[in-house]
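Peer 1: Shown below is the structure under consideration.
The values are calculated or read from the model by the stated rules, or taken from the named source; none is laboratory data. Just so we're clear, the structure is a prediction, and the values are computed from it rather than from any experiment. Counting neighbours? That spans all protein chains shown, and the Cβs are built from the backbone with ideal geometry, glycine included.
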Amino acid sequence: MKKYIVFLFGVLIVCAFIAVGMPEKADAEALAPHSASALLMEYESGEILYKNSAEVRRPIASMVKIMTLNIIFDSIKEGKLNYTDMVSVSNKAASTGGSQAFLDAGKSYNAEALIKSIIIASANDSCVAMAEHLMGSTEAFVSEMNKRAQKLGMTSTNYANCTGLPAPDAFSTAHDVALCMRELLSHKDYFRYSRIWMEDFVHPGGRVTQLTNTNRLIRSYNGCDGGKTGYTNESKHCIAATAVKNGMRLISVVMAGESSQDRFADAASMLNYGFANYESKVLLGAGSDLGEVKVSGGKEREVKAVAESDLRLFGKRGETEGEVKFEISETVKAPVKKGDRLGTAYIMDESGKIVSSVFVIAQSDVEKASLWDIIRRLKGE
């Protein structure tokens, strides 16, 4: 039976965990006055810091593409799609209306170029081309989108297409959009393209379409590095934006804004509120020395245990207090590879629930001892 050492990190201990919740008097008029629905979420914990009509079902226009991108990045992660794959463009894809990359029917484009055009310029034709390439049809792709939504807990969402163009029975909520955006942000490749403001899209014949990012906040809001806008007559002006400051990432969702400028203003207002009133405090830094773990049968008898990443606690600014605990194996068997998991560092709330955790890992390799190593050890050398 595996044994554990359980101890407290004395230098960093503070006495109590402060529960995080929405401000008691979050004023809808003050934070998002131009939007029918709005929500602010902290990325790591999923805590909702502010909401207004966040469960009301509304059309979301091109914010649908957040899920389209989730399916695409899932396919890459699962090995079903490579960035270099060539994607054929059907007549259906090329003739899709709304925002476009103006793809040539019958031509092939590499998947990376199409993904980039979706993220930067909200290209509907690229969405359809990717959907047909991955699932054989847009109908099959949309079915997968709805299945994925259910797995994410998006219980008030129904997708009717992969673009967000107006369609009957297509709806979501600010809360569900935030959940979907949170999932997209877990795909680190997304950030390879989300920060791009303008870029030339070169077609197979040499024709060039200039892509311009629809999310103005990446230029006007310090820390904003991603998001997805949307607009139709039915949905009005929408955006799901994300920004990070001092290690804390927030997600801001605006639906049914009165104008394009208003949606950006409301999204920025909520982000400002979040960064001003909340913090993500490091209670244990990445690489912190957590002592030695015995190694059985290794060239070295011990390996240093360190924190794999920062252990953070999210809460109201000035009130983020918590108790750091550890569970680390007493002994591990050689060979040990750098980065092997040796245990966990975590923070618990008053009810005993773990609210934040990181892995404790080996700082270095430890090779298996040879016969000669064992003989020398027995001889006391």
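Peer 1: Mind counting the residues in the stretch 92-106 that are at pLDDT 95 or above, over 13 Å from M130 (Cα atoms) and surrounded by fewer than 17 Cβ atoms within 10 Å (Cβ to Cβ)?
Peer 2: Matching residues across the stretch 92-106 total 5.
Peer 1: Could you grab me the full set of residues in the stretch 255-283 that are outside any strand (DSSP E or B) and hydroxyl-bearing (S, T, Y)? Write out each step before concluding.
Peer 2: From the stretch 255-283, those outside any strand (DSSP E or B) are 258-277; that's our starting set.
If the condition is that a residue be outside any strand (DSSP E or B) and hydroxyl-bearing (S, T, Y), then S259, S260, S269, Y273 are the ones that fit.
Peer 1: Okay, next question. Only one residue in A334, A362 is under 21 Å from V282 (Cα atoms) and either at pLDDT 95 or above or not hydroxyl-bearing (S, T, Y) (or both), so which one is that?
Peer 2: Exactly one of A334, A362 is under 21 Å from V282 (Cα atoms) and either at pLDDT 95 or above or not hydroxyl-bearing (S, T, Y) (or both), namely A362.
Residues checked against (1) more than 23 Å from G97 (Cβ to Cβ); (2) touching a strand residue (DSSP E or B) at 6+ places or on another chain (Cβ under 6 Å); (3) assigned by TED's automatic domain parsing to the domain that holds A54:
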position: M154; (1), (2), (3): yes, no, yes
position: C162; (1), (2), (3): no, no, yes
position: L179; (1), (2), (3): yes, no, yes
position: E199; (1), (2), (3): no, yes, yes
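Peer 1: Could I ask something else about it? Could you tell me which of the residues L69, L81, L49 is assigned to a loop (DSSP other than H, G, I, E, B), crowded, with 20+ Cβ neighbours inside 10 Å, in the same structural domain as I239 (by TED's automatic domain parsing) and of a type outside the set (D, E)?
Peer 2: Answer to the check: L81.
Peer 1: Now for a separate question. Among G318, G274, G298, which is the only one that is at pLDDT below 95, crowded, with 17+ Cβ neighbours inside 10 Å, outside the structural domain of N215 (by TED's automatic domain parsing) and not hydrophobic (A, V, I, L, M, F, W, C)?
Peer 2: G298
Peer 1: Show the residue pairs that are 6+ apart or on different chains and have beta-carbon atoms under 6 Å apart, the first residue being within the stretch 90-119 and under 21 Å from S137 (Cβ atoms) and basic (K, R), the second being modelled with pLDDT of 95 or more and surrounded by 23 or more Cβ atoms within 10 Å (Cβ to Cβ).
Peer 2: Sorted first by the residue in the stretch 90-119, then by its partner, the pairs are K107/V89.
Peer 1: Scan the stretch 151-204 residue by residue and report those that are among the acidic types (D, E) and either buried (at least 22 other Cβ atoms within 10 Å of the Cβ) or in contact with a Ser or Thr (Cβ under 7 Å, 6 or more places away or on another chain) (or both).
Peer 2: The answer is D176, and nothing else.
Peer 1: Which one of the conditions (1) buried (at least 23 other Cβ atoms within 10 Å of the Cβ); (2) among the basic types (K, R); (3) in contact with a Leu (Cβ under 9 Å, 6 or more places away or on another chain) does K116 fail to meet, given that it meets all the rest?
Peer 2: (1)
Peer 1: From S288, S220, S252, S269, which residue is touching a residue at least 12 places away in the same chain (Cβ under 8 Å), assigned by TED's automatic domain parsing to the domain that holds D169 and buried (at least 16 other Cβ atoms within 10 Å of the Cβ)?
Peer 2: Values: S288 fails: assigned by TED's automatic domain parsing to the domain that holds D169; S220 fails: buried (at least 16 other Cβ atoms within 10 Å of the Cβ); S269 fails: assigned by TED's automatic domain parsing to the domain that holds D169.
Only one candidate passes the filter, namely S252.
Peer 1: Determine which member of the set V56, V11, V64 is modelled with pLDDT of 95 or more, among the hydrophobic types (A, V, I, L, M, F, W, C) and in a helix (DSSP H, G or I).
Peer 2: On inspection, the qualifying residue turns out to be V64.
Peer 1: Here is a follow-up. Quick one: which strands (runs of 3 or more DSSP E) sit completely within the stretch 310-376 and have at least 1 residues that are free of Cβ contacts under 8 Å to residues at least 60 places away in the same chain? Break it down stepwise before answering.
Peer 2: Working: elements: 311-316, 324-329, 331-333, 341-348, 354-362.
Per the criteria, 311-316, 331-333, 341-348, 354-362.
Peer 1: Given the residues T229, T242, which is the only one that is under 20 Å from L39 (Cβ atoms), buried (at least 24 other Cβ atoms within 10 Å of the Cβ) and touching a Phe, Trp or Tyr at 6+ places or on another chain (Cβ under 8 Å)?
Peer 2: T242
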